[in-house]
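The values are calculated or read from the model by the stated rules, or taken from the named source; none is laboratory data. Keep in mind it's a predicted model, so treat the numbers as computed, not measured. A quick note on method: Cβ atoms are made from the backbone with ideal geometry, for glycine too, and the neighbour counts reach across all protein chains shown. With ligands, DNA and RNA removed, areas are computed over all heavy atoms of the protein, side chains included. Shrake-Rupley method; radii C 1.70, N 1.55, O 1.52, S 1.80 Å.
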Amino acid sequence: MILPVYAYGHPVLKKVADPITPDFPELATLIENMWDTMYKADGVGIAAPQIGQSIRLFVIDTEQIERKEPVKPGDEGFKRVFINAQMIEETGDDWTYEEGCLSIPDIRGDVDRPSNIRLKWVDENFQEHESAFTGINARVIQHEYDHLQGILFTEKLKPLKKRFVQRKLEAIKAGKVDTEYKMRFYTGR
Ligand code: ZN
């Protein structure tokens, strides 16, 4: 089932999300719905706060990127569910990549982030994993992980660009944006 994507300005996007336990109600359905919603919106990742749930869950499919552009060996795409992710370390030189976000349509901008990460998480079966990621995979994880911390990529834009997108952000907040997918805007309740 496709769910509405919560838009910039909704307080759920600014909360630090909570870990979950295996008895979380209807988790499999929720994950299924997140995939449906992400693909409908043409995204490569989506975090639970973006569908209004302040829990530490995000899903990523970077195989989609791999189909469009060549990737370096070791940076092959994957499709995975990340639950209760913990960033262990971020290392390497910062590199610039143009990010976008389903909650912030029509805005893209260069963000600097470290190139390498090490992450710990459990999958949809609550099996533990720990792994290192680089390149675009690290980048997408960093973006989605930020959602769990209540951080949006627009907060990481350079000051000039930040000022440039301010009016557009206010328009999104007010619901004045057109998308191919359904969005939910904050109405103060
Ligand atoms: Zn995002």
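Residues in segment 145-169 that are open to solvent by 60 Å² or more (accessible area, probe 1.4 Å) and more than 14 Å from the ligand (Cβ to nearest atom): Lys158, Pro159, Leu160, Lys161, Lys162, Arg163, Phe164, Gln166, Arg167, Lys168. Taken together, Gln127, Gln64, Gln142, Gln53 contain a single residue that is within 16 Å of the ligand (Cβ to nearest atom) and farther than 24 Å from Lys14 by Cα, which is Gln64. Scanning segment 20-79 for residues that are open to solvent by less than 10 Å² (accessible area, probe 1.4 Å), within 15 Å of Val140 (Cβ to Cβ) and of a type in the set (Val, Ile, Thr) yields Ile46, Val59, Ile60, Thr62.
Of note, Ser103 satisfies the criterion of being surrounded by 15 or more Cβ atoms within 10 Å (Cβ to Cβ), modelled with pLDDT of 95 or more, small (Gly, Ala, Ser) and within 12 Å of the ligand (Cβ to nearest atom). Among the residues of segment 145-165, the ones that are within 17 Å of Lys14 (Cα to Cα) and in a helix (DSSP H, G or I) come to 8 in all. Give the residues of segment 80-100 that are open to solvent by less than 30 Å² (accessible area, probe 1.4 Å) and within 15 Å of the ligand (Cβ to nearest atom), sorted by residue number. Matches in segment 80-100: Phe82, Ala85, Glu99, Gly100. Only a single criterion out of (1) within 23 Å of Val12 (Cα to Cα); (2) away from the ligand (no atom under 15 Å from the Cβ) is not satisfied by Ile172, namely (2).
Looking only at segment 116-137, which residues are among the polar types (S, T, N, Q) and either closer than 20 Å to Arg167 by Cβ or open to solvent by 30 Å² or more (accessible area, probe 1.4 Å) (or both)? Across segment 116-137, the qualifying residues are Asn116, Asn125, Gln127, Ser131, Thr134. Of all residue pairs spaced 6 or more apart or on separate chains, those with beta-carbon atoms under 8 Å, a first member in segment 131-151 that is at positive phi and a second member that is open to solvent by less than 20 Å² (accessible area, probe 1.4 Å) and more than 10 Å from the ligand (Cβ to nearest atom) are Gly135/Asp75; Gly150/Ala17.
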